[in-house]
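First the structure, in the form of structure tokens, and then the observations on it.
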Amino acid sequence: MIRFDTKALAAAAFALALAGGSALAQETAEQPKPPRESWSFGGTFGTYDKAQLQRGFQVYKEVCSNCHALSIPFRTLGQPGGPQFSEDQVKALAASYQVTNEEPNDKGEIFKRPGTPADIIPRPEAYPNDQAAAAAFGKAPPDMNLLAKARKWERGFPWFVFDALPGLQYQEMGADYIHAIVTGYTHPDDPQWNLYYPGHKIAMPQPITDGAVEYTDGTPKTVDSYSRDVAAFLSWAAEPNLNERRRIGLGAMIFLFVLAGLLYATKKKVWESAH
Amino acid sequence: MSGPSTFVPKSAIGRWFESRLPIMGLVHSSFIAFPVPRNLNYMWTFGAILAFMLIAQIITGVVLAMHYVPSATTAFQSISHIMRDVNYGWLMRYMHTNGASLFFLACYIHIFRGLYYGSFKPPRELLWIIGVIIYFLMAATAFLGYVLPWGAMSFAGATVITNLVTAIPFVGTGIAHWLWGGFAVGGPTVNRFFSLHYLLPFIIAAFVGLHVWALHVTGQNNPDGVEVQNVDRDTVPFTPYATMKDIFAVSVWLILYAWLIFFIPNYLLDADNYNIANPLVTPAHVVPEWYLLPFYAILRAIPNKLMGVVALFASIAILAFVPWLDRNPVKSAKYRPAFRFFFWVFVVICVLLGWIGSQEPGDAMTLVARILTVGYFGFFLVIMPILSFAEKTRPIPASIADAVLAKKPVPAE
Ligand code: HEM
């Protein structure tokens, strides 16, 4: 008579899956994965660092915005949980852009006017549409409003399981990717070669070099810190409610644990009489 | 089990109402007095969890629909608008998308529970088949919903799945054009998918009504798989016993739900769906959501497109025939060592199929997928019929009360 051993079976399945996972990891060794960095908004309760988001916005505005759109309203730059510029700063910033009015004037003409906080940040002037940008670079630079959530890569077994667990969870892949791309121009003789871009041939020439942006708060003016700051800023742009979400989440968790505890005690009491 | 109700309302108004529309009696007999086997474990709380998830999906979905604008040019932006500008829009959206995943997780536990404890066996065949219909409708609803945000993966998924109908000889292409409302997936497709995605959950709700009705005719199965013989000894009333247990289980499920929504809301979402759909750019790696991966693996395992589609539907449809494939009179796998072993093999096969479904197809992958597909169908078509008569089962307890007492020291009276 055959003995059916469920535990041995489970162990065998686990070993098989592990072997499959590591075989896959080897296959892709020449395309390195972006390294995992530490972020103020990482972990379970991390929040955005306002000063870093402000620096990141500066990098975006002075460098990336020459090619990349960022379709978010100016006003969000003043909201709590973000770079939180003052109301006057946001107004002045918006007014420094010329935006096309949605409605024509009473003579029927489409006209431009200074921006207001309610307007969406306009596209880069040099590239009025994706086709114009693609014609210049071979590929259009993506809009940055969701970029930090739009890039992930396969983690493979068993890492993808750990990525979901409290304390280990990994939700900052987008920031790591942006940081890796900006710092990934490791072939000085080939400006279109990027260590972390899938296939390595990237249409974006190295966008930023040491000293390109003047920081006023003493942060080092290096590609590494520029890329961290802009990656943090773009993470906020893609997920502006993160601080609030985690705050509410903490309250919800505490409430639910207490509730579940009380319900368990009640359930136990009720069932005592049944046995 | 629920004959004419003996429920008599206390107030005069209640009695007046009850003699004209006995709805309170219905509620009383179904959710208060309904006799519940006393040996149920926590696997039996997933029905309540599923009911909760359906209601959560409908409520969050109705709120999303107030702000969502279905068309090729507005769908993606309207989701962004919900996430950024609508008050607590991010919460509604994360609840809805992660809710779909948890809905499926609960549903899979519920289905595997049924297979393990033989809940599909007489007299519960219809109850089980209604469940299979609900599962099928859920898969359709989730597929339709996934197209709505109009991301790159929405578009790719809609294209891959609707293209399946072109495998039908002669009329396939015509049907595809009719489904799309054009010559490719586009604006008209999102609009009609939205309409159907709004409709199907209410049809699911109607089938859930039938499901519960059928359940309350046959009564619940239980971990020992022996029917109730003596209502006093074998059962406890639904309220407060099952009610309290279900509410507690839902509260634990909510902790998991809250973890997903508030702390890892993008863990299960495909990053590519944060890129707007672009017919000219196909994602490098087209994959469905995790809950449909095993079926995707079966689809890709078959070299012929039409046969692939047939296998895909057969893999769900076969569940409806389980009551006639497994005819062993012993219900619970607790008393069926061989069935129990193959049950766990089957679970592993489903998980591995899911993993294969998430991988790039390649020669080795396709071979493994084929072996697993054979294993998937083999469980139903070979193992179940053979074990129906060839299995040496363990002795089952004489009654539910005996099973409960065997576990516990006899309490001093
Ligand atoms: C059986 C229950 C349901 C399931 C399984 C389900 C599943 C889904 C899924 C998987 C998505 C894609 C989400 C995404 O990727 O963003 C979605 C989106 C959506 N669903 Fe549902 N849904 C259900 C019920 C409903 C109901 C009842 C409504 C409305 C009355 C609704 C309205 C919407 C809307 C407006 C969207 C697009 C918004 C979004 O993508 O977040 N859903 N649904």
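Projecting each Cα onto the charge dipole of region B:185-304 (Lys/Arg +1, Asp/Glu -1 at the beta carbon, about the Cα centre), which of B:I255, B:T235, B:H216 comes out farthest on the positive side?
Most positive-ward Cα: B:I255.
Would you work out the relative contact order for region B:40-288, in percent, from Cα pairs under 8 angstrom that are 6 or more residues apart? The partial results should precede the final answer.
Details: 231 pairs, mean separation 77.5, N = 249.
Answer for region B:40-288 is 31 percent.
Mind checking the dipole of region A:168-275: about its Cα centre, +1 per Lys or Arg Cβ, -1 per Asp or Glu Cβ, Debye to the nearest 20?
Details: 9 positive and 12 negative charges, 192 e Å.
Result for region A:168-275 is approximately 920 debye, rounded to the nearest 20.
Kyte-Doolittle mean at least -0.5 and Cα extent at least 15 Å along the axis: which DSSP H helices of chain B qualify?
Details: long enough: B:46-65 (27 Å, 2.38); B:89-117 (41 Å, 0.51); B:125-147 (34 Å, 2.00); B:152-163 (16 Å, 1.06); B:187-218 (47 Å, 1.11); B:243-258 (22 Å, 1.39); B:305-317 (18 Å, 1.96); B:337-357 (30 Å, 2.05); B:363-378 (22 Å, 1.08).
Qualifying helices, which must be both long enough and hydrophobic enough, are B:46-65, B:89-117, B:125-147, B:152-163, B:187-218, B:243-258, B:305-317, B:337-357, B:363-378.
With everything on Cα atoms, drop me the angle between helix A:242-272 and the longest principal axis of chain A, reported from 0 to 90° to the nearest 10.
That works out to roughly 20 degrees.
Just want the answer: with Cβ charges of +1 for Lys and Arg and -1 for Asp and Glu, which residue in B:G186, B:L405, B:G99 is farthest toward the dipole's positive end in the protein assembly as shown?
Working it through, the farthest residue towards the positive pole turns out to be B:L405.
Around B:G357, what is the net charge, scoring Lys/Arg as +1 and Asp/Glu as -1 over all other residues with Cβ under 14 Å from its Cβ?
Numbers: positive: B:R300, B:R370; negative: A:E154, B:D270, B:E289, B:E360.
Surrounding charge for B:G357 is -2.
Please state, to two decimals, what the Cα-based radius of gyration of chain B comes to when divided by 2.2 N^0.38 Å (N = residues).
1.09
Which of B:K121, B:K392, B:K331 moves most in a GNM of chain B, Cα contacts under 10 Å?
Comparing B:K121, B:K392, B:K331 in a Gaussian network model of chain B, the most mobile one is B:K392.
Can you bin chain A into rounded, prolate or oblate? Criterion: square roots of the alpha carbon gyration tensor eigenvalues sorted a ≥ b ≥ c, rounded for a/c under 1.5, prolate for a/b above b/c, oblate for the rest. Working shown, then result.
On the way: a/c = 2.40, a/b = 1.47, b/c = 1.63.
It is oblate, given that a/c is not under 1.5 and a/b is not larger than b/c.
Gaussian network model of chain B, Cα springs within a sub-10 Å range: biggest mean-square fluctuation belongs to which of B:A390, B:A311, B:A369?
Of the options given, B:A390 has the highest mean-square fluctuation.
Using a Cα-Cα cut-off of under 14 Å, which aspartates and glutamates could be cross-linked to A:K267, ignoring same-chain neighbours fewer than 8 residues away?
The qualifying aspartates and glutamates are B:D246.
Express the accessible area of chain B per residue in Å², computed with a 1.4 Å probe while the remaining protein chains stay in the model. Show your work: numbers first, answer last.
On the way: 18740 Å² over 413 residues.
Per-residue value: 45 Å².
Could you work out the relative contact order of chain A? I mean the mean sequence separation of Cα pairs under 8 Å and 6+ apart, divided by the number of residues, in percent. Before the final figure, lay out each step's value.
Details: 348 pairs, mean separation 64.8, N = 275.
Answer for chain A is 24 percent.
In whole percent, what relative contact order does region A:52-143 give with Cα contacts below 8 Å and a gap of six or more residues? Walk me through the intermediate numbers first.
Values: 119 pairs, mean separation 30.7, N = 92.
Result for region A:52-143 is 33 percent.
So which aspartates and glutamates pass the test for B:K392, namely a Cα distance under 18 Å, with those fewer than 8 places away in the same chain ruled out?
A:D5, B:D224, B:D326
log10 I(q)/I(0), Debye, Cα-only region A:96-235, no solvent, q = 0.11, 0.13 Å⁻¹?
The computed values of log10 I(q)/I(0) come out as -0.60, -0.80.
On the first, second and third principal axes, largest extent first, how far apart are the outermost C-alpha atoms of region A:23-125 in Å?
Here the Cα extents, ordered largest to smallest, are 68, 31, 22 Å.
Keeping all protein chains in place and using 1.4 angstrom, which order do A:E154, B:E227, B:E289, A:E125 fall into by accessible surface area, from largest down? Provide the component values of the computation, followed by the final result.
On the way: A:E154 85, B:E227 60, B:E289 20, A:E125 175 Å².
Solvent-accessible surface, decreasing: A:E125, A:E154, B:E227, B:E289.
For chains B and A, what's the summed buried accessible area, probe 1.4 Å, to the nearest 100 square angstrom?
4600 Å²
Using the Cα atoms of region B:266-413 to build a convex hull, what is its mean projected area in square nanometres? Don't jump to the answer; show the numbers that get you there.
Details: hull surface 56.7 nm².
Directional mean of the projected Cα hull area for region B:266-413 stands at 14.2 nm².
Using a Cα-Cα cut-off of under 30 Å, which lysines could be cross-linked to A:K221, ignoring same-chain neighbours fewer than 8 residues away?
Filter leaves A:K33, A:K50, A:K61, A:K91, A:K139, A:K149, A:K152, A:K201.
For region A:165-270, which chymotrypsin sites (Phe, Trp or Tyr not before Pro) pass both filters: DSSP loop (anything but H, G, I, E, B) and at most 12 other C-beta atoms within 10 Å?
Values: sites: A:Y170, A:Y177, A:Y185, A:W193, A:Y196, A:Y215, A:Y226, A:F233, A:W236, A:F255, A:F257, A:Y264; in loops: A:Y170, A:Y185, A:Y196, A:Y215.
Answer in residue order: no site qualifies.
What's the carbon and sulfur percent of the protein assembly as shown's accessible surface, probe 1.4 angstrom, rounded to a whole number?
68 percent
Quote the accessible area belonging to A:D163 in square angstrom, nearest 10, computed with a 1.4 Å probe and with ligands, DNA and RNA left uncounted.
Spelled out: A:D163, probe radius 1.4 Å, area about 10 Å².
Helix-only mean residue ellipticity at 222 nm, the protein assembly as shown, DSSP H runs n ≥ 4 weighted -39,500 (n - 2.57), per residue, nearest 500. What is it? Intermediate values should be presented prior to the final figure.
Values: 26 runs with 364 residues, N = 688.
Result for the protein assembly as shown: -17000 deg cm²/dmol, rounded to the nearest 500.
Who wins for biggest fluctuation among B:V322, B:V309, B:V348 in a Gaussian network model of chain B, springs between alpha carbons below 10 Å?
B:V348
Just report the Cα centroid separation between region B:146-195 and region B:332-382, whole Å.
30 Å
Let me know the whole percent of all Cα-Cα pairs from the protein assembly as shown that are separated by more than 36 Å. All intermediate terms of the calculation are to be shown ahead of the outcome.
On the way: 118097 of 236328 pairs.
Percentage above 36 Å: 50.
What is the average number of partner chain Cβ atoms found within 10 Å of a Cβ in B:232-243? If you can, show how the numbers build up before the last one.
Numbers: counts 0, 0, 0, 1, 5, 1, 0, 1, 7, 5, 0, 2.
Other-chain Cβ atoms within 10 Å of each residue's Cβ, averaged: 2.
Region B:226-320: which trypsin sites (Lys or Arg not before Pro) are DSSP loop and have at most 16 other beta-carbon atoms within 10 angstrom? Let's see the in-between values first.
Values: sites: B:R233, B:K245, B:R300, B:K305; in loops: none.
Taking region B:226-320 and a limit of 16 other Cβ atoms within 10 Å, no loop trypsin sites (Lys or Arg not before Pro) are found.
The values are calculated or read from the model by the stated rules, or taken from the named source; none is laboratory data. Note that the structure is predicted; figures quoted are calculated from it, not measured. For neighbour counting, all protein chains shown are included, and Cβ atoms are generated from backbone atoms with ideal geometry for every residue, glycine included. Accessible surface areas use protein heavy atoms only, side chains included; no ligands, DNA or RNA. Shrake-Rupley method; radii C 1.70, N 1.55, O 1.52, S 1.80 Å.
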